[in-house]
Amino acid sequence: FFIFTTTMQEQRSLKFYRPADGEGGKIPKSTALTLVPVDNNRIYYFHGDLNDAIRSNAFGVTGFSLTDGIGQLIRDKKKALKEIGKDKDLMVLIYPDRLSSYKNMVDILDEMLINDVRRYCLAGNEPTIAALGAAIKAAGK
C-alpha cells in the first residue's frame, strides 16, 4: 500500500521541445497538415501549402465526429503518407483561431496522442487563418 501511494505521488511532466534560435526548418509540403480550430466545434484544414491547397481544392471543414472528423482526417493523411514511405514525416500545424475554445484545443491535442502523431506544432498565424477562412467561405464549404 505504501509503495503504491508513494509511486502515485511522483511528479510527472511532458517534454516540451522548442525550436532552435534562428530561421525555422522547412517542412515538405506533402507531409504537412494544417488545422485551424474555429467556433462551433469546427476545424478548418488544408494539406501542404495554403495557396496550392486552394488551387487544388485540398482544404475543407471538419469537426470532432468519430466517423468523419479530425481523427479520420489524420488517419487518412497518415495512410496516404505510408503509401509513399513518409508516414513518419507527418507534421501537423495547429493555428487556433481567437474564436476557438480551450476544450477544442484539448480535443485536438488528444487526437494527436490517439493517432500517434509525433510531430505537431501549436502556433499563431493570423494571415493564414484569415486566408483559409475566406477560401472556405468562397468555396461554400
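The values are calculated or read from the model by the stated rules, or taken from the named source; none is laboratory data. Keep in mind that what you see is a predicted model, and the values were worked out from it rather than measured. Here the Cβ is made from the backbone with ideal geometry for all residues, glycine too, and neighbour counts use every protein chain on show. Remember, those area values only see protein heavy atoms, side chains included, never the ligands or the DNA or RNA. Shrake-Rupley method; radii C 1.70, N 1.55, O 1.52, S 1.80 Å.
Things to note:
- Those residues of the stretch 62-77 which are in contact with a strand residue (DSSP E or B) (Cβ under 9 Å, 6 or more places away or on another chain) and either without any contact (Cβ under 8 Å) to a residue 40 or more places away in the chain or open to solvent by less than 50 Å² (accessible area, probe 1.4 Å) (or both), in sequence order: T62, G63, D68, G69, I70, Q72, L73, I74, K77
- Top-ranked residue in the stretch 1-49 [being of a type in the set (A, V, I, L, M) and modelled with pLDDT under 85; ranked as farthest from V117 (Cα to Cα)]: I3
- Annotation note: of A80, A53, the sole residue that is open to solvent by less than 60 Å² (accessible area, probe 1.4 Å), of a type in the set (A, V, I, L, M), at pLDDT below 90 and within 17 Å of K29 (Cβ to Cβ) is A53.
- Any hit, the stretch 109-116, residues being under 12 Å from the mean Cα position of the chain (by Cα), of a type outside the set (D, E, K, R) and within 16 Å of A32 (Cα to Cα): yes
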